[in-house]
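What follows is a set of notes on a single structure, which appears directly below.
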Amino acid sequence: MADPDLIVQAVAGNRDAVAELVARSRDPDQRGSGGETALMRAAARGDVVVMEVLLDHGAAVDAATDAGNTALMFACARGRAGAVRLLLARGAAPGHKNKFGLTAADWVKWAGNHSEIAALIYEAASPPAKV
């Protein structure tokens, strides 16, 4: 299955084409292979500009692939701190588990030493202190 043009343009980092395609189709969550979305692909690349366009047009921050992986997991796995920050700021759930029971924190561990990203995930997943 070929990826929709929206995903192709997101992977290419073409912000203007992404904005035009989303405005025309009204569907920022079009699916490609494995159920991946343009937001997931942009998160894997760390392309926060394209991510912002997609999120501003209503992309689901916690949409999941067929295996249950989210854009946050893609960003964590690739060590994309800016993408992780943006997704968390837009409400991504750090505790979401994929079909194998793995969370974003597990992807950080799997990918290697990304201490900045681990700190972001830990902080987002920790309940606020009671005053």
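Calculated from the structure, Rg and Dmax of the Cα atoms in Å equals which of (1) 14.4, 53; (2) 16.2, 54; (3) 13.9, 42? Matching the structure shown: (1). Between Tyr122 and Ala81, residue separation times 0.36 nm minus the direct Cα-Cα distance comes to 13.4 nm. Straightening the chain between Arg24 and Ala111 buys 27.7 nm, computed as 0.36 nm per residue apart minus the Cα-Cα spacing. Placing unit charges on the Cβ atoms of the charged side chains and taking the dipole of the chain about its Cα centre, the candidate lying farthest along the positive direction among His57, Ala118, Val8 is Ala118.
With +1 assigned to the C-beta of every Lys and Arg and -1 to the C-beta of every Asp and Glu, and no other charges, what is the dipole magnitude of the stretch 25-125 about the Cα centre in debye, to the nearest 20?
So the magnitude is around 180 debye.
Read-outs throughout are calculated quantities, based only on the coordinates presented, and are distinct from any laboratory measurement. Computed from a predicted model, the values in this text were never measured in an experiment. When we count neighbours, we look across all protein chains shown, and the Cβ atoms used for this are built from the backbone with ideal geometry, even at glycine.
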